[in-house]
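The values are calculated or read from the model by the stated rules, or taken from the named source; none is laboratory data. Fair warning: this is a prediction, and the values are worked out from it, not measured in the lab. Cβ: placed from backbone, ideal geometry, glycine included. Neighbour counts: every protein chain shown.
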Amino acid sequence: MSDAIVGLDIGTSRIRAVIGEISENGVLQITGVGTSPSNGLRKGVVVNIENTVRAVSQAVEAAEMMSGIEVSRCMIGIGGTHIDGLNSRGVVAVTGKGRDNREIGNNDIHRVIDAAKAVVIPMDRQVLHVIPQSYIVDEQRGVKDPRNMIGVRLEAEVHIITGSVTSVQNMVNCVNRASLEVDAYMLHSLASVQSVMTEEEKELGSILIDIGGGTTDVLVMADGAPLLTAVLPVGGIQVTGDLSIVKGISVETAERIKLDTGCCWMPLIEENEEVILPGVGGRPPVVIPRLEICEIIQPRMEEILTMIRDKIAPVTKNLQLSGNVILTGGGALIPGVVELAAEVFNTQAVRIGIPANLGGLTGEYRSPDYATVIGLVLSLWEQHKNEFKDGTPAEKFEKPVLGRIKGWLKEFF
Ligand SMILES: Nc1ncnc2c1ncn2[C@@H]1O[C@H](COP(=O)(O)OP(=O)(O)OP(=O)(O)O)[C@@H](O)[C@H]1O
Ligand SMILES: [Mg+2]
């Protein structure tokens, strides 16, 4: 084995590190998986450096132990409610190689992307990704790759993702303090799309919903490119909180009861199913119908999904999205979530997103809560494969989603 690639997902509930190794014949295998409970973040943003550094080290060490190699660099996921997405467009005149040759080249593509990203953003925010949606060459719309086409006017439609400079800086600091270099970063939802959405679904138009602990990430993909990005400040922690408050039990007990018996679709519950709630402060345990647990969880999950539906409605109402609603993240493990989402989004095209089998010794990562970290590893692998090809600058725009930390860091710190 050679060439280790490392993905690190610093989530609100858990930190996950995954080591992939690329064999000499170019095959990726997952050789190390490590996780640790996260207690230094709130809603996807670092609020306690020391706790986060400790948890990152713990997760990375566990992954190193499994794979038997030491790692020094990684790609991190960026999330949190500071993330924002917007659509923009830019236009340039095609320069060509001579007066009569108006063939679009890499240079024109660079210029038009630069023009499209020249939007005013506040000083405390930074562009994380600029992803081309499509190009317009003269009057020809919907062009995916304008290279070598003849034209005089090139227009690009792009999706721009921005985030708070300090939030990203704090995350990078934590990783550096845990003795790892950050080579690149990627928005959580873009990484999740990479691991759980098929190319066909991206083209047909699909919605990714990653229900985490502190945040729910949403990404609408249409015609193969992101159209809307949103991070909502709600997740599984609220669901646990509701159980804890309504039933008068500790958050830890509520979390265990949610994981063991939780459900968010009442028709799935049999009439005689029961749950034991442990007593608090000397109170004896009580037995309650499982339906009561569902009656607490379902409205909160419905609220989260309805918030998403309303958030994306302005852009999706005029679109024909014929792909799927894909649910992933730890919150997608609650039984009944597919049925509930089908009702909220009024479609049967709903499925759970689970990362594909990538070989290796462990199958632990084949769960929705690994979607982000496996997406990071897959993106690095993709980049690795491209580097082996005869790379041209324009290829960077075909796979533009990797954010580069170098250079970018220079600009800001
Ligand atoms: N089997 C399960 N049933 C119900 N909920 C679950 C299950 N497993 C995990 N969860 C919930 O999923 C949430 C954690 O999901 P995940 O690990 O994707 O979050 P995270 O990535 O750490 O957080 P974030 O993305 O918000 O920063 C927790 O609220 C947890 O209770
Ligand atoms: Mg997450």
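Things worth noting here:
- Hits in the stretch 332-375 - residues which are under 18 Å from Thr215 (Cβ atoms) and in contact with a Cys (Cβ under 8 Å, 6 or more places away or on another chain): Ile334, Val337
- The stretch 184-204: number of residues that are more than 10 Å from ligand 1 (Cβ to nearest atom) and under 19 Å from Val338 (Cβ atoms): 7
- Here Pro314 passes the criteria (1) farther than 20 Å from Leu228 by Cα; (2) not in a loop (DSSP other than H, G, I, E, B) except the one numbered (1).
- Single residue of the stretch 220-237 satisfying the filter (within 13 Å of ligand 2 (Cβ to nearest atom) and outside any loop (DSSP other than H, G, I, E, B)) that is farthest from Lys258 (Cα to Cα): Val231
- Residue list for the stretch 132-169, filter: buried (at least 18 other Cβ atoms within 10 Å of the Cβ), within 21 Å of the chain's Cα centre (by Cα) and not in a strand (DSSP E or B): Val165, Ser167, Val168
Matching residues to (1) polar (S, T, N, Q); (2) surrounded by 23 or more Cβ atoms within 10 Å (Cβ to Cβ); (3) more than 13 Å from ligand 1 (Cβ to nearest atom); (4) modelled with pLDDT of 95 or more:
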| position | (1), (2), (3), (4) |
| --- | --- |
| Leu227 | no, no, yes, yes |
| Val231 | no, yes, no, yes |
| Gly241 | no, no, no, yes |
| Ile245 | no, no, yes, yes |
| Glu273 | no, no, yes, yes |
| Val280 | no, no, yes, no |
| Val286 | no, no, yes, no |
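- Of all residues making up the stretch 253-271, the number that are assigned to a loop (DSSP other than H, G, I, E, B) and surrounded by 14 or more Cβ atoms within 10 Å (Cβ to Cβ): 5
- Qualifying residue in the stretch 340-353 (condition: in a loop (DSSP other than H, G, I, E, B) and within 16 Å of ligand 2 (Cβ to nearest atom)): yes
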